[in-house]
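Take a look at the structure below.
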Amino acid sequence: MKLSLSLPGGSYDILIERGALSRAGAVFSLCRRVMIVTDNGVPPQYAQTLAAQCKAPYIVTVPQGEKSKNLATLETVLHRLLDAGFDRGDCVAAVGGGMVGDLAGLAASLYMRGIDFYNVPTTVLAQVDSSVGGKTAVDLGGMKNVVGSFYQPRGVLIDPDVLTSLPPRQVSAGLAEAVKIALTCDPGLFALLESQAPEAHWEEILSGALRCKAAVVEQDEKEQGLRRILNFGHTIGHAIESCEGLQGLLHGECVALGMLPMCSEPVRRRLQAVLTKLSLPVRCRIRPDDLLRAVLHDKKMRGGIVTVTTVREIGRWEMQEIAPQELLPLLGVIAEGGEQL
Ligand code: GLY
């Protein structure tokens, strides 16, 4: 299955196919220097499989986790490019999850004012969402993604077979992003997630979610308006994340929780059922007023107003600008002991 994303700056293909990693050389231009960026949580054979198809491969392996998403690691990657003599005709390829893709994409966008970038996502979260659309970034000063660029890849290769090596909790967390896009844009995909085991339907889930995402990005590449729907669940999700190195919830788990208050009651009931089916949380132990404080601390909030997306009907969304205090009564639905659904 091949999708393509067309933008004024050019278009690129997204190949979704089991076993595609071992055929990357037929899809990407690898007869040049290729800096493969991966992390030490990704099985090394994935980067090696790609390297075996490159004329002049280099592999840089950074430590796993958000802690690597910083300027120091970015500098390490840029130095490796310089030391290996990369020029403007060479390229960078990410093999890993969202952190690796964001970091490698940013390095590619900066080195010599931009060299080609390929993305080979190996987590559900990256395959279903972050590898497509050209967002690159590192964190700074405790703020996620605050230094970055919009820099589209030359191609994205998605091999669902690599998902078999992921821990089940990571799979569930990534699926929260598929639920997000289904809720806002695709009732058919939502019904599939409600009724089927994801492991038996990877290609449908990934292609359904990415088809929606590509359509959104084609209309609003730089997130001036419509693309904000892809942040559905993230305002509260990020607040939960920041309350909480504590309970150690994963990003996708926080997004799952963050979507619940933003839905009408009938949608929330279906969402709660599908999240439970996917082993995602529907309650957390954070008090609503602590969550509100975290929303208020979000430096992205402009002039005391927050833009939120709400879903009253599956596949239909509304965007509203509200004062964060208006979120407080809604937050009870995810607080332990809060309003029952
Ligand atoms: N993951 C949200 C976006 O790409 O806009």
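The values are calculated or read from the model by the stated rules, or taken from the named source; none is laboratory data. Just so it is clear, the structure is predicted and the values come from calculations on it, not from any experiment. Note: ideal-geometry Cβ built from the backbone for every residue, glycine included; neighbour counts use all protein chains shown.
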(message) Taking the criterion of being within 16 Å of the ligand (Cβ to nearest atom), among the β-branched types (Val, Ile, Thr) and over 13 Å from the mean Cα position of the chain (by Cα), would at least one residue in the range 73-81 satisfy it?
(response) no
(request) Kindly provide the set of residues from the range 17-40 that are without any contact (Cβ under 8 Å) to a residue 40 or more places away in the chain and closer than 18 Å to residue 126 by Cα, ordered by number. (result) 40
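If a residue counts only when it is exposed (fewer than 15 other Cβ atoms within 10 Å of the Cβ) and either within 21 Å of the chain's Cα centre (by Cα) or of a type outside the set (Val, Ile, Thr) (or both), which helices (runs of 4 or more DSSP H) contained entirely in the range 250-310 have at least 2 such residues?
Correct list: 265-277, 288-297.
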(request) Identify the residue in the range 135-149 that is at pLDDT 95 or above and surrounded by fewer than 17 Cβ atoms within 10 Å (Cβ to Cβ) and, among all such residues, is nearest to the ligand (Cβ to nearest atom). (result) 149
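Looking at 101, 85, which one is in contact with a strand residue (DSSP E or B) (Cβ under 9 Å, 6 or more places away or on another chain), within 16 Å of the ligand (Cβ to nearest atom) and not hydroxyl-bearing (Ser, Thr, Tyr)?
Values: 85 fails: within 16 Å of the ligand (Cβ to nearest atom).
Sole residue among the options that is in contact with a strand residue (DSSP E or B) (Cβ under 9 Å, 6 or more places away or on another chain), within 16 Å of the ligand (Cβ to nearest atom) and not hydroxyl-bearing (Ser, Thr, Tyr): 101.
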(message) So the check is Cβ under 7 Å with 6+ separation or different chains; which pairs have a first residue in the range 225-238 that's touching a residue at least 24 places away in the same chain (Cβ under 8 Å) and a second one that's within 8 Å of the ligand (Cβ to nearest atom) and not in a helix (DSSP H, G or I)?
(response) none
(message) Anything in the range 239-291 that is free of Cβ contacts under 8 Å to residues at least 12 places away in the same chain and among the hydrophobic types (A, V, I, L, M, F, W, C)? List them, or say none.
(response) 246
(message) Let me spell it out: the conditions are (1) touching a His at 6+ places or on another chain (Cβ under 9 Å); (2) under 20 Å from residue 199 (Cα atoms), and residue 120 meets all of them except one. Which number is the exception?
(response) (1)
(message) Residues to consider are 194, 199, 244; find the one that is among the acidic types (Asp, Glu) and modelled with pLDDT of 95 or more.
(response) 194
(request) Sort through 132, 179, 162 and tell me the only one that's surrounded by 23 or more Cβ atoms within 10 Å (Cβ to Cβ) and more than 16 Å from the ligand (Cβ to nearest atom). (result) 162
(message) Against the definition (part of a loop (DSSP other than H, G, I, E, B) and at negative phi), how does residue 64 come out, yes or no?
(response) yes
(message) Looking at 274, 267, 282, can you tell me which residue is touching a Ser or Thr at 6+ places or on another chain (Cβ under 9 Å), aliphatic (A, V, I, L, M) and either at pLDDT 95 or above or within 27 Å of residue 65 (Cα to Cα) (or both)?
(response) 282
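For the range 226-235, name all the residues that are within 12 Å of the ligand (Cβ to nearest atom), assigned to a helix (DSSP H, G or I) and touching a helix residue (DSSP H, G or I) at 6+ places or on another chain (Cβ under 7 Å).
Those that are within 12 Å of the ligand (Cβ to nearest atom), assigned to a helix (DSSP H, G or I) and touching a helix residue (DSSP H, G or I) at 6+ places or on another chain (Cβ under 7 Å): 226, 227, 229, 230, 234.
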(request) Give the number of residues within the range 58-72 that are farther than 13 Å from residue 94 by Cβ and either in contact with a Cys (Cβ under 7 Å, 6 or more places away or on another chain) or of a type outside the set (Lys, Arg) (or both). (result) 8
(message) Which residue is modelled with the lowest pLDDT, if the candidates are limited to the range 67-86 and must be of a type in the set (Lys, Arg) and part of a helix (DSSP H, G or I)?
(response) 67
(message) Which of the helices (runs of 4 or more DSSP H) found entirely inside the range 93-204 contain at least 2 residues meeting this: under 14 Å from the mean Cα position of the chain (by Cα)?
(response) 98-110, 168-185
(message) What's the total number of residues in the range 212-225 that are more than 10 Å from the ligand (Cβ to nearest atom) and buried (at least 16 other Cβ atoms within 10 Å of the Cβ)?
(response) 3
(request) Please specify each residue of the range 105-129 satisfying the condition of being within 16 Å of the ligand (Cβ to nearest atom) and surrounded by 24 or more Cβ atoms within 10 Å (Cβ to Cβ). (result) 105, 106, 117, 119, 121, 123, 124, 125, 126, 127, 128, 129
